[in-house]
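The values are calculated or read from the model by the stated rules, or taken from the named source; none is laboratory data. These figures come from a predicted structure and were not determined experimentally. When we count neighbours, we look across all protein chains shown, and the Cβ atoms used for this are built from the backbone with ideal geometry, even at glycine. Areas reflect the complete protein model, heavy atoms only, side chains present, ligands, DNA and RNA absent. Shrake-Rupley method; radii C 1.70, N 1.55, O 1.52, S 1.80 Å.
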Amino acid sequence: MNDLSNAEIVALVYEQWQQYFAPLNSNALAALYAEDAILFGSRIPPYIGRVAIECYFANLTPGLYTGVVFTPEYIKRVTPDVISIAGSASFQRLEQRPLELRITHILVRRENQWQIVSHHVSPKQNL
(Lines give C-alpha, C1' and ligand atoms only; values in the text may rest on other atoms or scores of the structure.)
Protein backbone atom coordinates (compact mmCIF):
# COMPACT_ATOMS: atom_id res chain seq x y z
CA MET A 1 0.00 0.00 0.00
CA ASN A 2 3.00 2.31 -0.39
CA ASP A 3 2.19 3.94 -3.73
CA LEU A 4 -1.57 4.19 -3.31
CA SER A 5 -3.48 7.46 -3.17
CA ASN A 6 -5.23 8.50 0.02
CA ALA A 7 -8.60 7.56 -1.48
CA GLU A 8 -7.31 4.12 -2.50
CA ILE A 9 -5.95 3.45 0.99
CA VAL A 10 -9.25 4.46 2.58
CA ALA A 11 -11.19 2.34 0.07
CA LEU A 12 -9.10 -0.73 0.93
CA VAL A 13 -9.54 -0.30 4.68
CA TYR A 14 -13.29 0.30 4.28
CA GLU A 15 -13.64 -2.69 1.96
CA GLN A 16 -12.14 -4.93 4.63
CA TRP A 17 -14.29 -3.34 7.34
CA GLN A 18 -17.44 -3.94 5.30
CA GLN A 19 -16.42 -7.53 4.55
CA TYR A 20 -15.97 -8.34 8.24
CA PHE A 21 -18.94 -6.33 9.51
CA ALA A 22 -21.65 -8.11 7.51
CA PRO A 23 -21.04 -11.47 9.25
CA LEU A 24 -20.02 -9.62 12.45
CA ASN A 25 -16.55 -11.14 12.58
CA SER A 26 -15.39 -9.33 15.73
CA ASN A 27 -11.88 -10.80 15.66
CA ALA A 28 -11.23 -9.72 12.05
CA LEU A 29 -12.78 -6.28 12.66
CA ALA A 30 -10.62 -5.70 15.73
CA ALA A 31 -7.52 -6.65 13.72
CA LEU A 32 -8.14 -3.57 11.54
CA TYR A 33 -7.55 -1.37 14.62
CA ALA A 34 -4.23 -0.38 16.18
CA GLU A 35 -3.40 -1.91 19.59
CA ASP A 36 -3.92 1.52 21.18
CA ALA A 37 -7.00 2.50 19.15
CA ILE A 38 -10.05 4.31 20.50
CA LEU A 39 -13.56 3.43 19.30
CA PHE A 40 -16.32 5.83 20.31
CA GLY A 41 -19.24 3.98 18.76
CA SER A 42 -22.91 3.65 19.47
CA ARG A 43 -22.33 2.59 23.08
CA ILE A 44 -20.81 4.53 25.96
CA PRO A 45 -18.04 4.62 27.18
CA PRO A 46 -15.35 4.67 24.47
CA TYR A 47 -13.61 1.37 23.90
CA ILE A 48 -9.83 1.69 24.21
CA GLY A 49 -7.46 -0.92 22.85
CA ARG A 50 -7.90 -3.75 20.39
CA VAL A 51 -9.16 -6.24 23.01
CA ALA A 52 -11.90 -3.85 24.16
CA ILE A 53 -12.82 -3.08 20.55
CA GLU A 54 -13.18 -6.78 19.82
CA CYS A 55 -15.57 -7.02 22.82
CA TYR A 56 -17.56 -4.07 21.45
CA PHE A 57 -18.14 -5.84 18.13
CA ALA A 58 -18.70 -9.24 19.79
CA ASN A 59 -21.53 -7.72 21.85
CA LEU A 60 -23.46 -6.22 18.93
CA THR A 61 -26.72 -8.02 18.21
CA PRO A 62 -26.03 -10.74 15.62
CA GLY A 63 -28.11 -10.35 12.47
CA LEU A 64 -29.29 -6.83 13.27
CA TYR A 65 -27.06 -5.25 10.64
CA THR A 66 -26.77 -6.64 7.14
CA GLY A 67 -23.98 -4.34 5.97
CA VAL A 68 -22.61 -0.83 5.88
CA VAL A 69 -21.88 1.73 3.18
CA PHE A 70 -19.18 4.30 3.89
CA THR A 71 -19.14 7.65 2.11
CA PRO A 72 -15.86 9.43 2.81
CA GLU A 73 -16.47 13.12 2.18
CA TYR A 74 -13.13 14.47 3.39
CA ILE A 75 -9.79 12.67 3.28
CA LYS A 76 -6.66 14.45 4.46
CA ARG A 77 -3.10 13.12 4.66
CA VAL A 78 -1.96 14.74 7.90
CA THR A 79 1.54 13.27 7.80
CA PRO A 80 3.04 10.56 5.57
CA ASP A 81 1.77 7.98 8.09
CA VAL A 82 -1.56 9.51 9.20
CA ILE A 83 -4.80 9.94 7.24
CA SER A 84 -7.89 11.68 8.64
CA ILE A 85 -11.32 10.80 7.24
CA ALA A 86 -14.70 12.44 7.81
CA GLY A 87 -17.88 11.30 6.16
CA SER A 88 -20.96 9.23 6.69
CA ALA A 89 -21.90 5.61 7.21
CA SER A 90 -25.19 3.96 6.38
CA PHE A 91 -25.68 0.82 8.47
CA GLN A 92 -28.20 -1.45 6.75
CA ARG A 93 -30.67 -3.17 9.09
CA LEU A 94 -33.17 -5.97 8.64
CA GLU A 95 -36.72 -4.68 8.15
CA GLN A 96 -35.75 -1.17 9.30
CA ARG A 97 -34.53 2.00 7.71
CA PRO A 98 -30.75 2.28 7.60
CA LEU A 99 -29.01 3.87 10.55
CA GLU A 100 -27.39 7.02 9.14
CA LEU A 101 -24.35 8.30 11.06
CA ARG A 102 -21.52 10.77 10.69
CA ILE A 103 -18.20 9.02 11.07
CA THR A 104 -14.58 10.01 11.53
CA HIS A 105 -11.59 7.73 11.33
CA ILE A 106 -7.92 8.33 11.73
CA LEU A 107 -5.67 5.80 10.03
CA VAL A 108 -2.06 5.34 11.02
CA ARG A 109 0.61 3.41 9.14
CA ARG A 110 2.76 1.27 11.39
CA GLU A 111 5.16 -1.34 10.06
CA ASN A 112 3.81 -0.63 6.56
CA GLN A 113 0.25 -1.54 7.62
CA TRP A 114 -2.64 0.96 7.71
CA GLN A 115 -4.74 0.61 10.88
CA ILE A 116 -7.59 2.53 12.45
CA VAL A 117 -6.34 4.40 15.51
CA SER A 118 -9.48 6.47 16.13
CA HIS A 119 -13.13 5.77 15.27
CA HIS A 120 -16.02 8.03 16.21
CA VAL A 121 -19.68 8.08 15.16
CA SER A 122 -22.47 10.55 15.90
CA PRO A 123 -26.04 11.09 14.73
CA LYS A 124 -26.24 12.49 11.21
CA GLN A 125 -29.07 14.92 11.92
CA ASN A 126 -28.30 18.29 13.45
CA LEU A 127 -28.91 18.64 17.15
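Things worth noting here:
- Taking first residues from the range 9-36 that are within 22 Å of Ile48 (Cα to Cα) and partners that are in a loop (DSSP other than H, G, I, E, B), the Cβ contacts under 7 Å between residues at least 6 apart in sequence or on separate chains come to Val13/Leu32; Gln16/Leu32; Trp17/Leu32; Leu24/Leu60; Leu24/Pro62; Glu35/Gly49; Asp36/Gly49.
- Test: residue in the range 40-47 that is in contact with a strand residue (DSSP E or B) (Cβ under 8 Å, 6 or more places away or on another chain), free of Cβ contacts under 8 Å to residues at least 24 places away in the same chain and not polar (S, T, N, Q): yes
- Within the range 1-48, considering residues that are in a helix (DSSP H, G or I) and small (Gly, Ala, Ser), the one least open to solvent (accessible area, probe 1.4 Å): Ala30
- Residue ID - most open to solvent (accessible area, probe 1.4 Å), chosen from residues in the range 57-69 that are closer than 14 Å to Tyr20 by Cα and not aliphatic (A, V, I, L, M): Pro62
- Asn126 meets each of the listed conditions (1) out of contact with any strand residue (DSSP E or B) (no Cβ under 8 Å at 6 or more places or on another chain); (2) modelled with pLDDT of 95 or more; (3) not β-branched (Val, Ile, Thr) apart from (2).
- Here is the figure for the range 1-20: residues that are at pLDDT below 95 and either of a type outside the set (S, T, N, Q) or over 19 Å from Asn112 (Cα atoms) (or both) total 3.
- Residues located in the range 70-84, provided they are touching a helix residue (DSSP H, G or I) at 6+ places or on another chain (Cβ under 7 Å) and exposed (fewer than 15 other Cβ atoms within 10 Å of the Cβ): Arg77
- Residues that are in contact with a helix residue (DSSP H, G or I) (Cβ under 9 Å, 6 or more places away or on another chain), of a type in the set (A, V, I, L, M, F, W, C) and over 21 Å from Lys124 (Cα atoms) occur in the range 34-43; there is at least one.
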